[in-house]
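So the structure is just underneath, and the comments pick up after that.
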Amino acid sequence: MKKYLLLLLLIQFALIGQSATYYISTTGSNANNGSISSPWLTLAYACSQVTTSGDIIHVNAGIYIESVQSTLAVGVSIEGVGITSVIKSHVSTLDTWTLLLSSATEGTNGNQHISNIKMDGDALTGWGAINVSRRSNVEIYNCTFVDFNYWGVKFEGGGSPPSTYATGNKFHNNTVTNCAGYFPAGDVNGEGKSALVINGQQTMLVYENTLTQTSRASGSNGYLIKGVVGFNKDVKIYDNVIT
(Lines give C-alpha, C1' and ligand atoms only; values in the text may rest on other atoms or scores of the structure.)
Protein backbone atom coordinates (compact mmCIF):
# COMPACT_ATOMS: atom_id res chain seq x y z
CA MET A 1 0.00 0.00 0.00
CA LYS A 2 2.82 2.39 0.90
CA LYS A 3 4.55 1.66 -2.40
CA TYR A 4 1.29 2.36 -4.23
CA LEU A 5 0.84 5.72 -2.50
CA LEU A 6 4.46 6.63 -3.18
CA LEU A 7 4.00 5.81 -6.87
CA LEU A 8 0.91 8.02 -7.04
CA LEU A 9 2.79 10.89 -5.42
CA LEU A 10 5.69 10.52 -7.86
CA ILE A 11 3.28 10.56 -10.82
CA GLN A 12 1.57 13.68 -9.46
CA PHE A 13 4.90 15.49 -8.99
CA ALA A 14 5.96 14.47 -12.50
CA LEU A 15 2.75 15.83 -13.98
CA ILE A 16 3.13 19.11 -12.10
CA GLY A 17 6.71 19.44 -13.34
CA GLN A 18 5.87 18.79 -17.00
CA SER A 19 6.62 21.63 -19.36
CA ALA A 20 4.15 22.84 -21.94
CA THR A 21 4.75 23.49 -25.64
CA TYR A 22 3.04 26.36 -27.44
CA TYR A 23 2.96 26.89 -31.18
CA ILE A 24 3.07 29.63 -33.78
CA SER A 25 1.99 29.07 -37.35
CA THR A 26 1.63 31.22 -40.45
CA THR A 27 -2.03 30.15 -40.49
CA GLY A 28 -2.51 30.93 -36.80
CA SER A 29 -4.06 33.87 -34.97
CA ASN A 30 -3.02 35.78 -31.86
CA ALA A 31 -6.63 35.35 -30.72
CA ASN A 32 -5.98 31.58 -30.37
CA ASN A 33 -4.71 29.77 -27.27
CA GLY A 34 -1.33 28.70 -28.68
CA SER A 35 -2.03 24.96 -28.68
CA ILE A 36 -0.93 22.72 -31.55
CA SER A 37 -4.47 22.86 -33.00
CA SER A 38 -4.96 26.56 -32.24
CA PRO A 39 -1.56 28.23 -32.77
CA TRP A 40 -0.63 31.90 -32.49
CA LEU A 41 0.57 33.95 -35.44
CA THR A 42 3.64 35.86 -34.24
CA LEU A 43 6.69 35.17 -32.13
CA ALA A 44 6.36 38.49 -30.29
CA TYR A 45 2.88 37.60 -29.08
CA ALA A 46 3.94 34.08 -28.10
CA CYS A 47 6.83 35.50 -26.05
CA SER A 48 4.45 37.84 -24.25
CA GLN A 49 2.21 34.92 -23.25
CA VAL A 50 4.65 32.12 -22.45
CA THR A 51 6.45 32.98 -19.20
CA THR A 52 6.65 29.71 -17.23
CA SER A 53 10.15 28.26 -16.89
CA GLY A 54 10.50 25.02 -18.82
CA ASP A 55 7.91 25.89 -21.44
CA ILE A 56 8.74 25.87 -25.14
CA ILE A 57 7.64 28.03 -28.05
CA HIS A 58 7.61 25.89 -31.19
CA VAL A 59 7.99 27.71 -34.51
CA ASN A 60 6.27 25.76 -37.27
CA ALA A 61 7.69 25.91 -40.79
CA GLY A 62 6.90 29.17 -42.55
CA ILE A 63 7.97 32.82 -42.78
CA TYR A 64 6.99 35.10 -39.88
CA ILE A 65 7.24 38.86 -40.35
CA GLU A 66 8.11 40.34 -36.96
CA SER A 67 7.80 44.12 -36.64
CA VAL A 68 8.18 44.50 -32.86
CA GLN A 69 10.77 43.18 -30.44
CA SER A 70 10.16 39.75 -28.89
CA THR A 71 11.15 39.53 -25.20
CA LEU A 72 11.82 35.99 -24.01
CA ALA A 73 11.22 35.15 -20.34
CA VAL A 74 13.73 33.29 -18.17
CA GLY A 75 13.51 29.52 -18.62
CA VAL A 76 11.42 29.66 -21.82
CA SER A 77 12.98 28.14 -24.94
CA ILE A 78 12.34 28.53 -28.67
CA GLU A 79 12.55 25.59 -31.07
CA GLY A 80 11.90 25.38 -34.79
CA VAL A 81 12.17 22.71 -37.46
CA GLY A 82 15.28 24.12 -39.16
CA ILE A 83 15.87 26.70 -41.88
CA THR A 84 12.20 26.55 -42.90
CA SER A 85 11.21 28.14 -39.57
CA VAL A 86 12.01 31.71 -40.58
CA ILE A 87 11.76 34.79 -38.36
CA LYS A 88 12.00 37.71 -40.79
CA SER A 89 12.84 40.89 -38.93
CA HIS A 90 11.38 44.31 -39.65
CA VAL A 91 12.54 45.49 -36.22
CA SER A 92 14.67 48.34 -37.51
CA THR A 93 14.66 50.85 -34.62
CA LEU A 94 18.16 51.71 -33.39
CA ASP A 95 19.24 49.64 -30.36
CA THR A 96 16.17 47.37 -30.65
CA TRP A 97 16.85 43.67 -31.03
CA THR A 98 14.53 41.26 -32.81
CA LEU A 99 14.77 38.84 -29.86
CA LEU A 100 15.79 40.04 -26.39
CA LEU A 101 16.75 37.83 -23.43
CA SER A 102 17.46 40.34 -20.70
CA SER A 103 17.46 40.24 -16.89
CA ALA A 104 18.01 43.01 -14.37
CA THR A 105 20.36 40.93 -12.20
CA GLU A 106 23.77 39.89 -13.51
CA GLY A 107 24.26 36.13 -13.83
CA THR A 108 20.53 35.26 -13.79
CA ASN A 109 20.12 31.57 -14.63
CA GLY A 110 18.38 31.56 -17.99
CA ASN A 111 18.28 27.75 -18.26
CA GLN A 112 16.93 27.98 -21.81
CA HIS A 113 17.84 27.42 -25.45
CA ILE A 114 17.10 28.66 -28.95
CA SER A 115 17.48 26.06 -31.68
CA ASN A 116 16.62 25.13 -35.25
CA ILE A 117 15.33 28.48 -36.49
CA LYS A 118 16.44 30.93 -39.16
CA MET A 119 16.51 34.65 -38.42
CA ASP A 120 16.52 36.87 -41.50
CA GLY A 121 17.22 40.61 -41.36
CA ASP A 122 15.43 41.02 -44.69
CA ALA A 123 18.14 42.75 -46.72
CA LEU A 124 19.54 44.72 -43.73
CA THR A 125 16.13 45.90 -42.53
CA GLY A 126 16.54 44.25 -39.12
CA TRP A 127 18.86 46.08 -36.69
CA GLY A 128 20.11 43.00 -34.78
CA ALA A 129 19.06 39.39 -34.23
CA ILE A 130 19.48 38.28 -30.58
CA ASN A 131 20.75 39.95 -27.42
CA VAL A 132 21.41 37.79 -24.33
CA SER A 133 21.98 40.21 -21.47
CA ARG A 134 22.94 39.29 -17.88
CA ARG A 135 21.83 35.67 -18.26
CA SER A 136 23.71 32.41 -17.72
CA ASN A 137 23.14 28.94 -19.18
CA VAL A 138 21.66 30.09 -22.47
CA GLU A 139 22.40 27.84 -25.44
CA ILE A 140 21.93 28.88 -29.08
CA TYR A 141 22.52 26.13 -31.61
CA ASN A 142 21.59 24.86 -35.08
CA CYS A 143 20.38 28.32 -36.08
CA THR A 144 20.94 30.45 -39.17
CA PHE A 145 21.31 34.25 -39.13
CA VAL A 146 21.43 36.28 -42.33
CA ASP A 147 21.46 39.92 -43.48
CA PHE A 148 21.09 41.93 -40.27
CA ASN A 149 22.25 45.52 -40.56
CA TYR A 150 24.38 45.94 -37.43
CA TRP A 151 24.57 42.89 -35.18
CA GLY A 152 24.10 39.15 -35.28
CA VAL A 153 24.08 37.71 -31.74
CA LYS A 154 25.31 39.42 -28.58
CA PHE A 155 26.13 37.88 -25.21
CA GLU A 156 26.77 40.51 -22.54
CA GLY A 157 27.33 39.99 -18.85
CA GLY A 158 26.44 43.43 -17.53
CA GLY A 159 28.90 45.92 -16.07
CA SER A 160 32.46 46.65 -17.14
CA PRO A 161 33.55 44.49 -15.47
CA PRO A 162 30.39 42.72 -14.28
CA SER A 163 30.08 42.05 -10.57
CA THR A 164 28.73 38.60 -11.46
CA TYR A 165 29.85 37.03 -14.72
CA ALA A 166 27.47 35.18 -17.02
CA THR A 167 28.47 31.51 -16.98
CA GLY A 168 27.70 28.41 -19.01
CA ASN A 169 26.49 30.11 -22.19
CA LYS A 170 26.99 28.24 -25.47
CA PHE A 171 26.88 29.24 -29.14
CA HIS A 172 27.48 26.35 -31.51
CA ASN A 173 26.63 24.77 -34.85
CA ASN A 174 25.22 28.04 -36.19
CA THR A 175 25.65 29.86 -39.49
CA VAL A 176 25.97 33.66 -39.43
CA THR A 177 26.17 35.46 -42.77
CA ASN A 178 26.35 39.23 -43.46
CA CYS A 179 25.21 40.33 -40.00
CA ALA A 180 27.92 42.87 -39.14
CA GLY A 181 28.18 46.41 -40.43
CA TYR A 182 30.99 48.93 -40.13
CA PHE A 183 29.71 52.49 -40.35
CA PRO A 184 32.46 54.93 -39.33
CA ALA A 185 30.34 58.01 -39.93
CA GLY A 186 27.50 56.79 -37.74
CA ASP A 187 29.31 55.00 -34.90
CA VAL A 188 30.80 56.47 -31.75
CA ASN A 189 34.57 56.43 -32.32
CA GLY A 190 33.91 54.66 -35.61
CA GLU A 191 33.49 51.29 -33.89
CA GLY A 192 32.20 48.44 -36.01
CA LYS A 193 29.46 46.01 -35.20
CA SER A 194 29.84 42.25 -35.05
CA ALA A 195 28.29 38.94 -36.05
CA LEU A 196 29.00 37.57 -32.55
CA VAL A 197 29.74 39.70 -29.48
CA ILE A 198 31.13 38.22 -26.25
CA ASN A 199 31.37 40.45 -23.18
CA GLY A 200 31.32 39.65 -19.46
CA GLN A 201 31.32 35.88 -20.05
CA GLN A 202 32.91 33.08 -18.08
CA THR A 203 33.27 29.46 -19.28
CA MET A 204 31.41 30.25 -22.51
CA LEU A 205 31.84 27.83 -25.42
CA VAL A 206 31.80 28.93 -29.08
CA TYR A 207 32.35 26.08 -31.50
CA GLU A 208 31.52 24.58 -34.90
CA ASN A 209 29.99 27.76 -36.27
CA THR A 210 30.37 29.22 -39.75
CA LEU A 211 30.68 33.01 -39.71
CA THR A 212 31.01 34.92 -42.98
CA GLN A 213 31.21 38.66 -43.67
CA THR A 214 32.12 39.47 -47.25
CA SER A 215 28.86 40.72 -48.71
CA ARG A 216 29.18 44.49 -48.31
CA ALA A 217 31.25 47.13 -50.01
CA SER A 218 34.90 47.40 -49.08
CA GLY A 219 35.26 49.12 -45.70
CA SER A 220 31.67 48.40 -44.65
CA ASN A 221 32.03 44.86 -43.31
CA GLY A 222 32.05 44.59 -39.51
CA TYR A 223 33.77 42.09 -37.23
CA LEU A 224 32.91 38.43 -36.99
CA ILE A 225 33.76 37.85 -33.32
CA LYS A 226 34.27 40.82 -31.05
CA GLY A 227 35.00 41.17 -27.35
CA VAL A 228 34.90 44.89 -26.63
CA VAL A 229 34.78 45.92 -23.83
CA GLY A 230 35.60 42.33 -23.07
CA PHE A 231 36.11 41.21 -19.45
CA ASN A 232 35.88 37.52 -20.35
CA LYS A 233 37.24 34.52 -18.43
CA ASP A 234 37.92 30.96 -19.57
CA VAL A 235 36.08 31.38 -22.88
CA LYS A 236 36.82 28.68 -25.47
CA ILE A 237 36.46 29.44 -29.19
CA TYR A 238 37.33 26.51 -31.42
CA ASP A 239 36.56 24.60 -34.63
CA ASN A 240 34.80 27.55 -36.28
CA VAL A 241 35.03 28.59 -39.93
CA ILE A 242 35.56 32.36 -40.07
CA THR A 243 35.67 34.20 -43.40
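The values are calculated or read from the model by the stated rules, or taken from the named source; none is laboratory data. Remember, it's a predicted structure, so these values are computed and weren't measured experimentally. Because the Cβ atoms are built from the backbone with ideal geometry, glycine has one as well, and the counts that use them run over all protein chains shown. Each accessible area value is taken on the protein alone, full model and side chains, heavy atoms only, with ligands, DNA and RNA left out. Shrake-Rupley method; radii C 1.70, N 1.55, O 1.52, S 1.80 Å.
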From the square roots a ≥ b ≥ c of the eigenvalues of the alpha-carbon gyration tensor of region 191-233, which class results: rounded (a/c under 1.5), prolate (a/b over b/c), or oblate? oblate
Counting only residues 5 or more places away or on other chains, whose amide H sits under 5 Å from the amide H of GLY34 once H atoms are built in the peptide plane? TRP40
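Just to confirm, what accessible area per residue do you get for region 94-243 at 1.4 Å probe, in whole Å²? It would help to have the intermediate numbers written out before the result.
On the way: 5980 Å² over 150 residues.
With all protein chains present, region 94-243 gives 40 Å² per residue.
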Calculate the radius of gyration of the Cα atoms of the chain to one decimal place, then report Dmax, the largest Cα-Cα distance, as a whole number, both in Å. 19.0, 77
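Carbon and sulfur atoms: what percent of the 1.4 Å accessible area of the chain do they account for? List each step's numbers first, then the result.
Numbers: 5960 of 11200 Å².
Heavy-atom surface of the chain belonging to carbon and sulfur, 1.4 Å probe: 53 percent.
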For the chain, what proportion of DSSP beta bridges, expressed in % and rounded to the nearest 5, is antiparallel? 5 percent
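For an R0 of 30 angstrom, estimate the FRET efficiency from the Cβ-Cβ distance between ALA104 and THR125 and round to the nearest 0.05. Please list the in-between numbers first.
Working: r = 30 Å, r/R0 = 0.99.
Efficiency at R0 = 30 Å is approximately 0.50.
Compute the projected area of the convex hull of the Cα atoms of region 131-175, averaged over all viewing directions, and report it in nm² to one decimal place. Present the calculation step by step, with values, prior to reporting the outcome.
Values: hull surface 13.9 nm².
Averaging across all directions leaves 3.5 nm² for the Cα convex hull.
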Could you work out the local net charge near ASN116, counting Lys and Arg as +1, Asp and Glu as -1, over the other residues with Cβ closer than 13 Å to its Cβ? -1
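Given region 67-189, report the % of alpha carbon pairs whose separation exceeds 25 Å. Don't skip to the end; give the middle numbers.
On the way: 1612 of 7503 pairs.
Beyond 25 Å sits 21 percent of the P(r) for region 67-189.
Quote to one decimal, in nm, the extra length available between ASN33 and ILE83 on full extension: 0.36 nm per residue of separation minus the C-alpha distance between them.
On the way: separation 50, 0.36 × 50 = 18.00 nm, distance 2.54 nm.
Gain on stretching ASN33 to ILE83: 15.5 nm.
Based solely on its DSSP helices, what 222 nm [θ] is calculated for the chain when runs of n ≥ 4 H residues each add -39,500 (n - 2.57) and the sum is averaged over all residues, nearest 500 deg cm²/dmol? Working shown, then result.
Working: 2 runs with 23 residues, N = 243.
Counting only the DSSP helices, I get -3000 deg cm²/dmol.
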Once amide hydrogens are built 1.01 Å from N within the peptide plane, the residues lying 5 or more places from GLY230 or on another chain with amide H under 5 Å from its amide H are GLY200
What ³J(HN,Hα) values, in whole Hz, does the Karplus curve 6.51 cos²θ - 1.76 cosθ + 1.60 give for region 91-107 when θ = phi - 60°, with x put for Gly and Pro? 8, 10, 5, 4, 6, 10, 8, 5, 10, 10, 10, 9, 10, 6, 9, 4, x
HN-Hα couplings for region 158-172 via Karplus (6.51, -1.76, 1.60; θ = phi - 60°), in whole Hz with x for Gly/Pro, come out as x, x, 10, x, x, 6, 10, 6, 6, 10, x, 6, 9, 9, 8
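Gain in length, VAL68 to THR243, computed as 0.36 nm per residue apart minus the alpha-carbon separation, to one decimal in nm? Let's see the in-between values first.
On the way: separation 175, 0.36 × 175 = 63.00 nm, distance 3.12 nm.
Working it through step by step, the gained length comes to 59.9 nm.
Please report how many Lys pairs in the chain have alpha carbons closer than 12 angstrom, counting only residues at least 8 apart along the chain or sitting on separate chains.
For the chain, the number of qualifying lysine pairs is 6.
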Cα-Cα P(r), region 157-231, percent of pairs per 5 Å interval: 4, 15, 21, 21, 18, 14, 6, 1
